[in-house]
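Enquirer: Take a look at the following structure, please.
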Amino acid sequence: MALSSSVLEALKILEPDILNSTIFSFFEFFKYDTDDLRNEKLLLKKDLIERYKKSVRQKTSVPPNTLKSDFYVFSKILYKLHLVDDSEDVLEEIKWEKITEICNILRKIETSNEKKIRWALLFLLSKGSPIQINDIKQLVTNFKISNVERLLEKIIKTETNSGLDVNFDGKKLVMGTEQKLTEHYIADAIEEKSRRSPGEIEKEILELLDEGSYSNQEISNIIDIDEAVVSRVMTKLRNQNKLVLSSFGNKGFRYYTTNCQNCPFGKTLSSCRKDAISDIVNAIKDAHGIELTSQDFEDIESNQAILNIKRTVIMSKKYTMTKLESNMYENFKKLLEMIVKNSINIKYEKNQNIAEIMVSSNMSKLPKIFQIGLKIGIEYEIQLMKSLVDKAKKEQLSSDIFLKMIKNSNKILQSLDR
């Protein structure tokens, strides 16, 4: 797929090493953290810098005293690419979509050594032919690519088979094809969306939509496929009458499969449900030694809900506590603890030692799977407190403190049921 003119121009102006600099993080910041600014006619640079300081896109290794100068360099780059009108302290006429497009390509290149080599080739090609191999290596030296020559030979073989005229003597490249055409031979492969085959992508999308309705944007995020690819597959599936429009929301049209009368997997409603329940029962038995039966699933009305539970159970079975996952869980726990602590305030009655808790409605916005665990834990805590109250009554002890704990725990439970 051909790169747009704005992206092609950016890759010819920018060196690959910007992926290691604040310039790349500024591109990400403009893409991800400026939604509420998109309708503004002009933006003060100092305001953007302050917002960047609070952004997760911030490159933490950048000294604060160089941040302003780095941002001003970035604004000059945007101006050179005709993406903003740049004055001393203000940015105007920002081409948000084109900046986002460039950011998307930079993120693709970041994950592929071959794409970095292609970028270096394009950058040097814009300076003129011949291209020295040592110059390519110099441009990508900070990426620690050990097999530059092999990747270069692969690129040359691929593009000469496609019609590119190039002479390579092991030290330099001399292009025989007209420059603009050569640029597209080198650069267009950077835009390739996915290594998964169309059939694999179609199957993944159908499996996801069989569990519930999703928009193209949501599908793209969940299965990690470019939204343009998702759009093409969805169009094909709609034309084959495999999808039904569910609703329209702020992320676009939402679809689900035409189950179950026209199941894309050739299953009946009954067999689909039985297969999913069987998978869940086996997974829970293997993981927890608990024997479930089909009766345990009778209250679950739709197949989509069953399939969604199946996905959660099967995926949890696959997880192992690697160092990466251990670190992720530990820090995710800290984030959730912070939310919970800030959602519960303890209020003491005047002249009394009795504490009353105030629960914020934010508790109901916690991730649903976390809410389930929290709710189960509190319910068991209440059961324990009730048993202690009963014991205190039998032994003629004061049970007020236990009753107060039960009341406070119930408040938290009510906040989760909203």
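The values are calculated or read from the model by the stated rules, or taken from the named source; none is laboratory data. Predicted model, so just to flag it, every value in this text is computed and none were measured. Here the Cβ positions follow ideal geometry from the backbone for every residue, glycine too, while neighbour counts run over all protein chains shown. Note: accessible area is taken over every heavy atom of the protein model, side chains too, but ligands, DNA and RNA are not part of it. Shrake-Rupley method; radii C 1.70, N 1.55, O 1.52, S 1.80 Å.
Enquirer: Accessible area, 1.4 Å probe, largest first: how do Val140, Val359 sort?
Expert: Final ranking, largest accessible area leading: Val359, Val140.
Enquirer: Additional query: Accessible area of Phe168, 1.4 Å probe, to the nearest 10 Å²?
Expert: Phe168 has an accessible surface of roughly 70 Å² with all protein chains in place.
Enquirer: Hey, what do the phi angles of segment 22-35 turn into as Karplus ³J(HN,Hα) couplings, whole Hz, using 6.51/-1.76/1.60 and θ = phi - 60°, x for Gly and Pro?
Expert: 3J(HN,Hα) across segment 22-35, in whole Hz: 5, 4, 5, 5, 5, 4, 5, 4, 5, 6, 9, 10, 10, 3.
Enquirer: Another question, then. Provide the net charge surrounding Leu83, with neighbours chosen by a C-beta distance below 12 Å and charges set as Lys +1, Arg +1, Asp -1, Glu -1.
Expert: Net charge around Leu83: -3.
Enquirer: Do any GluC sites (Glu not before Pro) in segment 79-128 lie in a loop, going by DSSP, with at most 11 other beta-carbon atoms within 10 Å of their beta carbon, and if so which?
Expert: Filter output for segment 79-128: Glu88, Glu93.
Enquirer: Moving on. Check each of the trypsin sites (Lys or Arg not before Pro) in segment 1-53 and keep only those in coil by DSSP with at most 14 other C-beta atoms within 10 angstrom; list them in order. Display every interim value, and only then the final one.
Expert: Details: sites: Lys12, Lys31, Arg38, Lys41, Lys45, Lys46, Arg51, Lys53; in loops: Arg38, Lys41.
Filter output for segment 1-53: Arg38, Lys41.
Enquirer: Let me know the charge dipole size of segment 34-162 about its Cα centre in debye, to the nearest 20, where only the beta-carbon of Lys, Arg (+1) and Asp, Glu (-1) is charged.
Expert: 560 debye
Enquirer: Run the 1.4 Å probe and let me know the accessible area of Asp47, rounded to the nearest 10 Å².
Expert: Approximately 80 Å² of Asp47 is accessible to the 1.4 Å probe.
Enquirer: Would you list Thr141, Thr177, Thr34 from the most to the least accessible area, probe 1.4 Å?
Expert: Sorted descending by solvent-accessible area, the residues read Thr141, Thr177, Thr34.
Enquirer: May I ask you to derive the FRET efficiency for Lys180 and Ala287 from their Cβ-Cβ distance with R0 = 56 Å, giving the value to the nearest 0.05?
Expert: After rounding, the FRET efficiency stands at 0.45.
Enquirer: If you don't mind, there's one more thing I want to ask. Can you give me the solvent accessible area of Tyr185 with a 1.4 Å probe, rounded to the nearest 10 Å²?
Expert: About 50 Å², rounded to the nearest 10.
Enquirer: Please enumerate, by chain and number, the aspartates and glutamates with C-alpha under 17 Å from the C-alpha of Lys95, excluding those fewer than 8 residues away in the same chain.
Expert: Candidates past the 8-residue exclusion: Glu9, Glu28, Asp33, Asp35, Asp36, Glu40, Asp85, Asp86.
Enquirer: What are the GluC sites (Glu not before Pro) within segment 1-87 that DSSP puts in a loop, where the Cβ has at most 13 other Cβ atoms within 10 Å? Can you show the working numbers first?
Expert: Details: sites: Glu9, Glu28, Glu40, Glu50; in loops: Glu40.
The qualifying sites are Glu40.
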